[in-house]
1. If the label for B:Asp158 sits 7 angstrom from Cα along the Cα-to-Cβ line, what are its distances to the same label in every other copy, in nm to one decimal, shortest first?
2. At 1.4 Å probe size, what's the solvent-accessible area of B:Trp60? Round to the nearest 10 Å².
3. Would you mind giving the total buried accessible surface between chains A and B, with a 1.4 Å probe and ligands, DNA and RNA left out, rounded to the nearest 100 Å²?
4. Residues of the protein assembly as shown: accessible area per residue at 1.4 Å, in Å²?
5. For A:Lys184, A:Lys101, write out the residues from largest to smallest accessible area, computed with a 1.4 angstrom probe and no ligands counted.
6. Summarise the accessible area of segment A:104-243 (1.4 Å probe, protein heavy atoms) by the percent that is carbon and sulfur.
7. What are the DSSP H helices in chain B that stretch 18 Å or more along their long axis, judged by alpha-carbon atoms, and whose average Kyte-Doolittle hydropathy comes to at least -0.5?
8. Let's test the formula: R0 of 30 Å, r as the Cβ-Cβ distance of A:His299 and A:Leu117. What FRET efficiency results, to the nearest 0.05?
2 protein chains.
Amino acid sequence: MSDLPESVDITEEGPREGFQIEPGPISTERKIALIDALSATGLKRIQVASFVNPKMVPGWADAEAVVAGFTPREGVEYIALWFNPAGLQRTLAFKDRLTVKGSITVSASEAFSLKNLNRDHAGQIEAMRKHVAAHQAAGVPVNRISLMAAFGCNFSGDVTVAQSLAALAGAMALAKETGCTIEKIAIADSMGWANPAQVERVVGAVRERYPDQRIGLHLHDTRGMAVACAHAGLRLGVREYDATAGGLGGCPFAAHPGAPGNIATEELVFLCEELGVRTGVDVEALLAASALAEEIVGHALPSAMLRGGGLGSYRARARAA
Amino acid sequence: MSDLPESVDITEEGPREGFQIEPGPISTERKIALIDALSATGLKRIQVASFVNPKMVPGWADAEAVVAGFTPREGVEYIALWFNPAGLQRTLAFKDRLTVKGSITVSASEAFSLKNLNRDHAGQIEAMRKHVAAHQAAGVPVNRISLMAAFGCNFSGDVTVAQSLAALAGAMALAKETGCTIEKIAIADSMGWANPAQVERVVGAVRERYPDQRIGLHLHDTRGMAVACAHAGLRLGVREYDATAGGLGGCPFAAHPGAPGNIATEELVFLCEELGVRTGVDVEALLAASALAEEIVGHALPSAMLRGGGLGSYRARARAA
């Protein structure tokens, strides 16, 4: 298993993803309780809020209160999400509590860009040019590229490696033009189309084209493939993964309501630890945090492991016997 | 991807597994409806009933009526499960509708054997000696070995490859002694402990020891690893898999009720077909059968894909656009 990395970095996106999509109002206190529980599991990076227009995303009308309210833990990085200069300014008001760095976001599928961002490829690059300028004006580095819809698109079907590379090339050219030093390319399976062979092809091609970049995977479990795709990433040495506790989040692009969203953090952690890849996360503590998330949202979360439980207690009992 | 098999054989165990574990009474007609729906998906082998003591498993008190009632479809093999001579005789009453072949079952974990079968390794071999004799007396070939608990055990913890090989050696010796020609070794993750690296180790070791045997995998998704484990099997050329529509079945050994059971057939089919491995199964028809299974049992089944849906309609729409 020598190709596996020694350790991985997981970004927990459960609070942001989960509280964005849940229909019911969830109190600020409960959001903070989940963030504080996740902080105690060994996770090193947690996305805690989305500074978006409260008229568009009512679930995040209390972003400021949540960010002001959680208890920062030594060694844990807290991040937020924003899409425009107003969101960036709201984020920067908490720069003592949040790590603030920007991304250039592009879509491998032009159809997805048009449907989701209301802009074609050229329009998206133009929008990102302004986005980068706003960050630079605020003194915020832009060090990451996010490639959406890299594995398939509900609107245009299968996405080729060439399409992903073309979109990345556009983003890289913009980074060069604007003087951004890109350190990471995050490849997202935005609509849950990926299979492990495709992860191999896309990650392989991106790594070959950009050998100095760190690669991250943002996987969705819409069709149950997320853990197998993460394993494909691990076998290629990918060290950075996004995930959500309990599989919080759902997928707005799935055929049916209630479809799984992001890969469940506990399943990713379990996979890694069983393979000998260190995560720094206590999977049993994480399962408890995911159970809290389930209690907070008030319905079953999609994680299989949240039902199945970990192996820690069985192993401890077996050792004691 | 040259190591992948060209095609796989899937044994659908949903009816037998599902109706065994569900608490509510399910009518014979509904069981038959599911079997007939599954027969129309392209699946080539379906386990339709369990001839067990109705006092122990009330859900299968109607095994005879179910087997008499389904509509056999050309090209589909129907099988059943039994554990003792009485069950074998009940099965043989339907030998015009069922393929009847026997297995030698052993456990890699002696603790599991003691807890689940109430016999140690030696006692299990002795019981299997009688089991084989009963089959031979009835003219039924015994051509398969089932290795339970090959990846871990809730009672004794991790299971080593050496333990699996030792249990297999015992079963093989019995087969030789009794003149059985073994054609397949089915390796079962009875309690959901497997990870893909372990599948590689166990399958690799079994294949090295018994290069002429077909290998099958019986995977459980208790901790969300089943698809990644199946992918590990595919990469090693394993061509035979058990699965259950919708993930029917649950796991009596999991920490919590409602834990996922077997790998969901639709997720296995989707994985294979996306990788270019032929299954012969129409995944959209299968999803419809799984939705019927969900309606019959009256609660959500664990399959992610049953929520997320297939990609067929998206691809068709993209092609038409």
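1. So the distances to the same position in the other copies read 4.0 nm.
2. Number for this one is 0 Å².
3. 3500 Å²
4. Values: 24450 Å² over 642 residues.
Result: 38 Å² per residue.
5. Working: A:Lys184 15, A:Lys101 100 Å².
So the residues, ranked largest to smallest area, are A:Lys101, A:Lys184.
6. 52 percent
7. B:161-178, B:196-209, B:283-297
8. 0.50
The values are calculated or read from the model by the stated rules, or taken from the named source; none is laboratory data. The shown structure was predicted, so the numbers you read here are calculated from the model rather than taken from an experiment. Cβ coordinates were reconstructed from backbone atoms using ideal geometry, including for glycine residues, and neighbour counts include every protein chain displayed. Heads up: the accessible areas ignore ligands, DNA and RNA and are worked out on the full protein's heavy atoms, side chains in. Shrake-Rupley method; radii C 1.70, N 1.55, O 1.52, S 1.80 Å.
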